[in-house]
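K.L.:
Got a structure here, written out as structure tokens. Questions coming.
The values are calculated or read from the model by the stated rules, or taken from the named source; none is laboratory data. Keep in mind that what you see is a predicted model, and the values were worked out from it rather than measured. Every residue, glycine as well, gets a Cβ built from its backbone with ideal geometry; the counts of neighbours run over all protein chains shown. Heavy atoms of the whole protein, side chains included, go into the accessibility calculation; ligands, DNA and RNA do not. Shrake-Rupley method; radii C 1.70, N 1.55, O 1.52, S 1.80 Å.
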Amino acid sequence: MARSHTDLPVAEAALPPPAAIGHGLNNPRQVPGKPSKSRKPEMMRQYDLIDRVRRYNPETNEALLDRAYVYAMKAHGEQVRASGDPYFSHPLEVAAILTDLKLDDATIAAALLHDTIEDTEATRAEIDSLFGPDIGTLVEGLTKLKKLDLVTKEAKQAENLRKLLLAIANDVRVLLVKLADRLHNMRTLEHMVPESRRRAAEETLDIYAPLAARMGMHEMREELEDLAFREIYPEAYQVVTERLVALADRNRDLIAEIEQQLTKKLADHGLKAKVHGRRKRAYSIWRKMERKSVGFEQLSDIYGFRVVMKSLIDCYQALGVVHTTWPVVPGRFKDYISTPKQNDYRSIHTTVIGPGKQRVELQIRTRGMDDIAEYGIAAHALYKDGFGTPTELLSRESSAYAWLRRTIELLAEGSNPEEFLEHTKLELFHDQVFCFTPKGKLIALPRAATPIDFAYAVHTDVGNMAAGCKINGKISPLASQLSNGDEVEIVTSKAQVAPPAAWESIVVTGKARAAIRRATRAAIREQYAGLGRRIVERLFQRAKIEYSDEKLQAALPRLARASIEDVMTAVGRGEMKASDVARAMYPDYKEERAAARVATPKSESGWFGLKRAKSLKFKIPGMGSDAPLPIRGINSELPVRFASNGGAVPGDRIVGILTPGQGVTIYPIQSPALKDFEETPERWLDVQWDIDEASPQRFPARLAVQSVNEPGTLAQITQIIAGQGGNIDNIHMTRRSPDFTELTIDLEVYDLKHLTSIIAQLRAKPVVAKVTRVNG
């Protein structure tokens, strides 16, 4: 029943002056993406807002909306926006946008109140007492997210985004209000300072528009994109818009003609359809031009037509009529009804050469599908009673919301805010391909996804142990790009306990990238912990004191570490000394500092004399030290690497230098580089070779070769190395004179005897003037 305006609980005289706002997504006074230059319209009144809600919800709680309207208006008082309009016009316009999405009373009230706690003297307790804890929770959730807008530091933005997504996981209405809030701010962007405008526009393209798309809210996504596009790329926006206007003038009657012919053709086959033609938006067209590197004139699908049918069967019958009437454009058919997108989008897409030899892009769907295509998760009847909470309803009915909650659970495991932000963007930005497991389970993945992404989508353990794959029954590389309809079988191996770190640069999904990073960090931590344990145990052996995990566990508070693994990792990284561990366990322990010798250059042959060093904890191998660390190779369980300028091979006397955060670097004892570590004796480690005769490994070495500059010289040198079983990693050539060329050759050999044999064979060649081993 209609009400008199005098029934309202506030006098109209108390209202702020009129403001320049448009009401909702379908504002007739404003072209989407373009600010109105007409006379400022009056601000919407209480009864206007309630009438908008009553159109789709006759059972609306008018008293609740009245109280929220009056409370917010009075709370904001004389506050004004950058445009000079009353501040209350902003929450009012946000509420109007949400009425176009047909949302429940609590969401509309929360929209009116969403800035009160943040920007006025209102409190959560007061909101709860006046409007109930449900609305209070929504308002507080939005208040915590206020600072997500226009932040300058990426880490701060990422942390606020984390708060946003976690709040959405608890109540989806937070997202809907937040998106409407951003939409109105973008519509009034011209009143902000230039720096803030650009930052807001970039944030909109990065986060809000993709998030709206993921929730299936395409109308809102497109307007957000266009508004941001106009701000970030004003020249491109102007050019594309002008081209669209010119095209519309040329094809003024084309859309109506195609609509009439499609409708008539379907009616002739007994099918009632609503056909609606629409032009693509400027940002969508520009993005396609950029992606495909084509000009505007080369685009043939600027116009699209929605064909809305009464039933699912009618959709497929309409498809048959269209395909038997007009030629189909190959490769342009997609059935999202049988395989819906993750955001619940369902429709049949096809492109035909239609009336007037024009390429016509068609989207065939039912009315329900059309509502979801436009409004996404908001299309579910959130305002109806008897379905539980909106979040419970969406968890049952919406794949988009289920996807969002799964994504939030995965992303919440991120090690830092920046990583969380990166993974979120990876999840938001992608088109999809649909692949199948051998048992027929459908897996939706981003475009350009690999079998590694597929494996992690199945299960994290499957991804970590993936050793190979079959695509459509054929063995294929794990780096292959998947296509729609591929059947993917992942071959796993228990021998692979952690994925290669290089996979991180191959995968495209946030889940896969996060899992690989976690596994890599865990593997590196395990390596450092293993190294640290060996260092600690050897110190205890040398000091002839007993070590036990139980005794170290009791000493953890003195070391300020939470676990034994933390202690061992710190020692392995060089962040804590093994002697500190001994003192924590045995307060009376006194460190014994053995006199040792450090190599210094002496002769041209590369072998060196010895001099006494200061307080060296570990003796150099062969100098009387016991229990050295065994070094097996670069693929051992320890974080070991070899000196980059020369390496070391079995047969060399070697020294380990502990570098904090990098592990142990192995040097041959004749290396001049050891002189750089004379003043840090605590970094020296006693190491020895631990060679497995059954599984020989290659080790790095470097040769300096002076060769005669004549044709075929390089071929002879490489043939000798290959013939002797050496493996060349790299060759660098420098021409010092017309007659000679200097080569620096990095190669891999089994041991010192193997290297000596290669050197001898090279020296025997007439084209080689000189060969020396490099020990940098």
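K.L.:
Order the following by accessible area, largest value first: Ile313, Ile516. Probe radius 1.4 Å; ligands, DNA and RNA are ignored.
P.N.:
On the way: Ile313 110, Ile516 0 Å².
These residues rank, largest area first, as Ile313, Ile516.
K.L.:
Rounded, prolate or oblate: which one fits the range 163-283, using the alpha carbon gyration tensor with axes a ≥ b ≥ c (rounded when a/c is under 1.5, else prolate when a/b beats b/c, else oblate)? Don't jump to the answer; show the numbers that get you there.
P.N.:
Details: a/c = 3.90, a/b = 1.48, b/c = 2.63.
It comes out oblate by the Cα gyration axes.
K.L.:
Per-residue counts of other Cβ atoms within 10 Å, averaged by peptide: what ranking do you get for 438-447, 63-72, highest first? All intermediate terms of the calculation are to be shown ahead of the outcome.
P.N.:
Values: 438-447: 13.3, 63-72: 20.2.
Peptide ranking by packing, descending: 63-72, 438-447.
K.L.:
Can you give the FRET efficiency to the nearest 0.05 for Glu575 and Lys272, using r as the Cβ-Cβ distance and R₀ = 60 Å? Walk me through the numbers before you get to the answer.
P.N.:
Details: r = 74 Å, r/R0 = 1.24.
E between Glu575 and Lys272, to the nearest 0.05, is 0.20.
K.L.:
Can you list residues from other chains, or at least 5 along the same chain, whose modelled amide H is less than 5 Å from the amide H of Asp104?
P.N.:
Here Tyr383 satisfy the definition.
K.L.:
What's the carbon and sulfur percent of the range 231-273's accessible surface, probe 1.4 angstrom, rounded to a whole number? Spell out each step's value before the answer.
P.N.:
Values: 1400 of 2850 Å².
Here it works out to 49 percent.
K.L.:
So, one more: Whole-Hz Karplus ³J(HN,Hα) for the range 88-104, in order, using 6.51 cos²θ - 1.76 cosθ + 1.60 and θ = phi - 60°, x for Gly and Pro?
P.N.:
4, 4, 5, x, 5, 5, 4, 4, 5, 4, 6, 5, 5, 8, 6, 9, 6
K.L.:
Quick query: amide H of Arg447 versus all other amide H atoms, modeled in the peptide plane; which residues come in under 5 Å with a sequence gap of 5 or more or a different chain?
P.N.:
Asp431, Gln432, Val433
K.L.:
Sticking with this structure for a sec: Calculate, in nm to one decimal, what Ser644 and Lys439 gain on full extension: separation in residues at 0.36 nm each, minus their alpha carbon distance.
P.N.:
Gain in length upon complete extension: 68.9 nm.
K.L.:
Something else: So, by mean Cβ neighbours within 10 angstrom, what's the order for 186-195, 314-323 with the highest one leading? Before the final figure, lay out each step's value.
P.N.:
On the way: 186-195: 15.7, 314-323: 18.0.
Per-residue Cβ counts within 10 Å, averaged per peptide and sorted highest first, yield 314-323, 186-195.
K.L.:
Next up: What are the ³J(HN,Hα) values, in whole Hz, obtained from phi via the Karplus relation 6.51 cos²θ - 1.76 cosθ + 1.60 with θ = phi - 60°, for each residue of the range 281-295 in sequence order, with x given for Gly and Pro?
P.N.:
So the J values, rounded to whole Hz, are 7, 4, 5, 4, 5, 4, 5, 5, 4, 5, 5, 9, 6, 10, x.
K.L.:
Residue by residue through the range 243-254, which ³J(HN,Hα) values in whole Hz follow from phi under the Karplus form 6.51 cos²θ - 1.76 cosθ + 1.60 (θ = phi - 60°), with glycine and proline marked x?
P.N.:
Values per residue, Gly and Pro as x: 5, 5, 5, 5, 5, 4, 5, 5, 10, 4, 9, 5 Hz.
K.L.:
Could you rank the peptides 642-649, 464-471, 96-103, 726-733 by their average count of other C-beta atoms within 10 Å per residue, with the highest value first? Write out the running numbers ahead of the final one.
P.N.:
Values: 642-649: 21.2, 464-471: 18.0, 96-103: 23.8, 726-733: 13.6.
Listed from highest to lowest mean packing, they are 96-103, 642-649, 464-471, 726-733.
K.L.:
For the range 227-288, just say rounded, prolate or oblate: build the C-alpha gyration tensor, square-root its eigenvalues into a ≥ b ≥ c, call rounded for a/c under 1.5, and beyond that prolate if a/b exceeds b/c, oblate if not. List each step's numbers first, then the result.
P.N.:
On the way: a/c = 5.00, a/b = 2.52, b/c = 1.98.
Taking the square roots of the gyration eigenvalues as a ≥ b ≥ c, the range 227-288 is prolate.
K.L.:
For the range 449-549, what class follows from the C-alpha gyration tensor (a ≥ b ≥ c being the square roots of its eigenvalues): rounded when a/c is under 1.5, otherwise prolate if a/b is larger than b/c, else oblate? Can you show the working numbers first?
P.N.:
Numbers: a/c = 4.21, a/b = 3.14, b/c = 1.34.
The shape class here is prolate.
K.L.:
Whose amide H sits under 5 Å from the amide H of Val649, counting only residues 5 or more places off or on another chain, with H placed in the peptide plane?
P.N.:
none
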